[in-house]
Amino acid sequence: MFNFLGKDTQSREINQLKQFIRVKSIEITENMSKLTEHLEIIKNMNAKDTENIYIKEKNMLISLYEYYCKFQKLYSDLSFSEILNPLDISTVKNINIKNFVNEIKVLHKKDYEITIECLKEEDINSIKNIYEKMENDVDELVNLLINIQTDIIAQEISPIEQNIILQKINNRINSSSIFNNYKNIERNYFNYLDEYNASKEVFK
């Protein structure tokens, strides 16, 4: 039905890409941790210098969190790709979507809560919006899976419609597409660090 690679080959690709994303996510997490520790100390200080530092580091944290969420979205797409391999009617019909998604969302929420702890109340919405966008992206794929799963079980969808929806899912979780997205995000992330000299100023 789709131009998927062999299961073993694709599994190797997915595991390799997961490792890339894991390493990058750890790197960003470590950098965010340094910022959050510093922000926690200065967020309630009223001196002019500390306010300027807070604004600068807060903006940096928001940017890093956005990149972190982009990598996490790719990671969740890869996880779907892994459990939906092969992507066919039988696999979609038998997947336990609820448990799988709940595990992902618990981790996302924990990361979000840790990140906002160091921010002033008026700055939390910036992080919240990024977090909610990531959750909405996951929900979009989940709703697509639930709808086709329901239609398959109820036998309310034609083979042609099944193929159209499966192709839409494949476009989202195809490992080649995810890898291309990863390279684009990684390039933008490095450009961000270079532009703001963040790696030299804060992440020593």
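Which of the numbered conditions does Leu107 fail, given that it passes all the others? Conditions: (1) in contact with a Leu (Cβ under 6 Å, 6 or more places away or on another chain); (2) within 30 Å of Ile165 (Cα to Cα).
(1)
Of all residues in the stretch 34-52, count the ones that are more than 14 Å from Leu119 (Cβ to Cβ) and in a helix (DSSP H, G or I).
Within the stretch 34-52, residues that are more than 14 Å from Leu119 (Cβ to Cβ) and in a helix (DSSP H, G or I) number 5.
State whether one or more residues within the stretch 48-64 are touching a Cys at 6+ places or on another chain (Cβ under 7 Å), at pLDDT 90 or above, at negative phi and among the hydroxyl-bearing types (Ser, Thr, Tyr).
No, the stretch 48-64 contains no residue that is touching a Cys at 6+ places or on another chain (Cβ under 7 Å), at pLDDT 90 or above, at negative phi and among the hydroxyl-bearing types (Ser, Thr, Tyr).
Quick one: is Ile42 surrounded by fewer than 20 Cβ atoms within 10 Å (Cβ to Cβ) and touching a Phe, Trp or Tyr at 6+ places or on another chain (Cβ under 6 Å)?
Criteria met by Ile42.
What is the one condition in (1) surrounded by 15 or more Cβ atoms within 10 Å (Cβ to Cβ); (2) touching a residue at least 60 places away in the same chain (Cβ under 8 Å); (3) over 30 Å from Ile97 (Cα atoms) that Lys70 does not satisfy?
(3)
Looking at this structure, is Thr115 closer than 21 Å to Glu40 by Cα and of a type in the set (S, T, N, Q)?
So Thr115 fits the description; yes.
Restricting attention to the stretch 149-196, report how many residues are of a type in the set (D, E, K, R), farther than 24 Å from Lys93 by Cβ and either modelled with pLDDT of 90 or more or touching a Leu at 6+ places or on another chain (Cβ under 8 Å) (or both).
3
Only one of (1) touching a residue at least 12 places away in the same chain (Cβ under 8 Å); (2) in a helix (DSSP H, G or I); (3) more than 22 Å from Ser25 (Cβ to Cβ) fails for Leu87. Which number is that?
So the condition that Leu87 fails would be (2).
When you scan the stretch 117-133, how many residues do you find that are within 27 Å of Lys98 (Cβ to Cβ) and either among the basic types (Lys, Arg) or at pLDDT below 95 (or both)?
Summing the residues that are within 27 Å of Lys98 (Cβ to Cβ) and either among the basic types (Lys, Arg) or at pLDDT below 95 (or both) in the stretch 117-133 gives 2.
The values are calculated or read from the model by the stated rules, or taken from the named source; none is laboratory data. Just so it is clear, the structure is predicted and the values come from calculations on it, not from any experiment. Glycine gets a Cβ as well: all are built from the backbone with ideal geometry, and neighbour counts include every protein chain shown.
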